[in-house]
Amino acid sequence: MTPASPDIWSPSFRKVRLTDCRPHATRQRMALPCAILAAMQLTVFAASSLRDAFQELGQLFETEHAGAAVSFNFAGSQQLRTQIEHGARADVLASADERHMRALVDADLAVAPRTFARNEPVIVVPAGNPAAIHALLDLPRAQRIVVGAPAVPIGAYTLRILEAASSRYGPGFRAEVEARIASRELNVRQVLAKVRLGEADAAIVYRTDALAAREAVETISIPADLDVVAEYPIALLRGASQPQLARAFIDLVLSPAGRALLERHGFR
């Protein structure tokens with residue numbers, strides 16, 4: 001899989017070596033392989049929480065479509081939306097919420113989104129749970145809480161959870177939690193990293209991210225009637241350079257095989 005190259009952006013890209021497309025290759029050597037690569041290059045913008053599952057889906061897609069190369073740009077959904085609005089070129093967008101996708105559809109930049117997965121926020125704490133947090137009600141025990149920024153889907157979901165919790169636990173609950181917020185991160189993997197690095201006593205991330213962290217964190221479920229369900233839409237982007245490949249990738253994500261793979265990574 002090869003990287004997209006919007007040089008003005010700095011999200012994480014997958015990288016591979018393209019031997020015959022190196023700058024020092026001769027023009028004759030570069031022309032055919034690079035032209036073929038460009039003709040089969042699919043660029044997918046995807047929310048950070050999809051990283052592990054989509055990398056595996058990309059490998060499966062390349063296996064099923066000989067000669068195709070998938071590149072991924074993983075970032076917060078709000079960052080991906082901004083990039084697309086400012087002219088970054090991609091073929092497919094998979095968002096962690098409907099809000100940012102809807103804005104792109106309204107701007108005629110994305111076409112006919114379909115929901116392909118669901119996720120749910122959970123609390124994560126470092127292994128050993130030093131702050132003794134066992135439920136959402138215990139969250140104010142943490143001295144350093146990390147959440148997503150309000151524009152980030154996980155941050156917006158967190159605010160909804162805190163608002164609902166304040167109705168049950170009292171209006172002071174949200175204020176107590178917010179007084180202990182040490183940072184608001186731009187994507188959910190950055191939130192998770194703070195816990196893994198010991199820079200937070202607790203954080204709210206997606207269940208799939210908690211599963212990916214394995215023994216580095218402990219997971220605490222949020223009561224179902226206070227939690228939210230995150231719906232993930234996927235869509236073809238207007239002006240896609242590879243519309244047929246893009247539709248084929250979307251079909252794979254929506255297929256029984258794609259859904260089974262997503263379920264293995266904790267999505268519903």
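Data table
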{"quantity": "Top-ranked residue in the range 60-111 [being among the polar types (S, T, N, Q) and in a strand (DSSP E or B); ranked as nearest to Gln190 (Cα to Cα)]", "calculated": "Asn73"}
{"quantity": "Residue within the range 126-133 that is among the polar types (S, T, N, Q) and within 17 Å of the chain's Cα centre (by Cα) present", "calculated": "no"}
{"quantity": "Some residue of the range 185-201 being polar (S, T, N, Q), in the same structural domain as Ala132 (by TED's automatic domain parsing) and either more than 21 Å from the chain's Cα centre (by Cα) or buried (at least 21 other Cβ atoms within 10 Å of the Cβ) (or both)", "calculated": "yes"}
{"quantity": "Residue within the range 150-167 that is hydroxyl-bearing (Ser, Thr, Tyr) and closer than 19 Å to Asn73 by Cα present", "calculated": "no"}
{"quantity": "Filter result for the condition that a residue is in a strand (DSSP E or B) and small (Gly, Ala, Ser), over Ala156, Ala131, Ala117, Ala151", "calculated": "Ala117"}
{"quantity": "Whichever residue in the range 217-242 is surrounded by fewer than 16 Cβ atoms within 10 Å (Cβ to Cβ) and farther than 16 Å from Ala117 by Cβ and, among such residues, is modelled with the lowest pLDDT", "calculated": "Gly239"}
{"quantity": "Test: residue in the range 202-209 that is surrounded by 22 or more Cβ atoms within 10 Å (Cβ to Cβ) and among the small types (Gly, Ala, Ser)", "calculated": "yes"}
{"quantity": "Count - residues of the range 208-234 that are aliphatic (A, V, I, L, M), in a helix (DSSP H, G or I) and closer than 15 Å to Ile123 by Cβ", "calculated": "4"}
{"quantity": "The one condition in (1) over 14 Å from the mean Cα position of the chain (by Cα); (2) closer than 26 Å to Ala53 by Cβ that Leu137 fails to fulfil", "calculated": "(2)"}
{"quantity": "Qualifying residue in the range 246-265 (condition: out of contact with any Cys (no Cβ under 9 Å at 6 or more places or on another chain), crowded, with 16+ Cβ neighbours inside 10 Å and closer than 28 Å to Ala142 by Cβ)", "calculated": "yes"}
{"quantity": "In the range 119-143, residue farthest from Asn73 (Cα to Cα) [restricted to those that are in contact with a Lys or Arg (Cβ under 8 Å, 6 or more places away or on another chain) and exposed (fewer than 13 other Cβ atoms within 10 Å of the Cβ)]", "calculated": "Ala132"}
{"quantity": "Residue count, the range 235-265 (criterion: part of a strand (DSSP E or B) and of a type in the set (Gly, Ala, Ser))", "calculated": "1"}
{"quantity": "Residue in the range 171-194 that is within 28 Å of Gly258 (Cβ to Cβ), assigned to a strand (DSSP E or B) and modelled with pLDDT of 95 or more present", "calculated": "no"}
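The values are calculated or read from the model by the stated rules, or taken from the named source; none is laboratory data. Being a predicted model, the structure only gives us computed values, none of them experimental. So basically every Cβ, Gly included, is an ideal-geometry build from the backbone, and we count neighbours across all protein chains shown.
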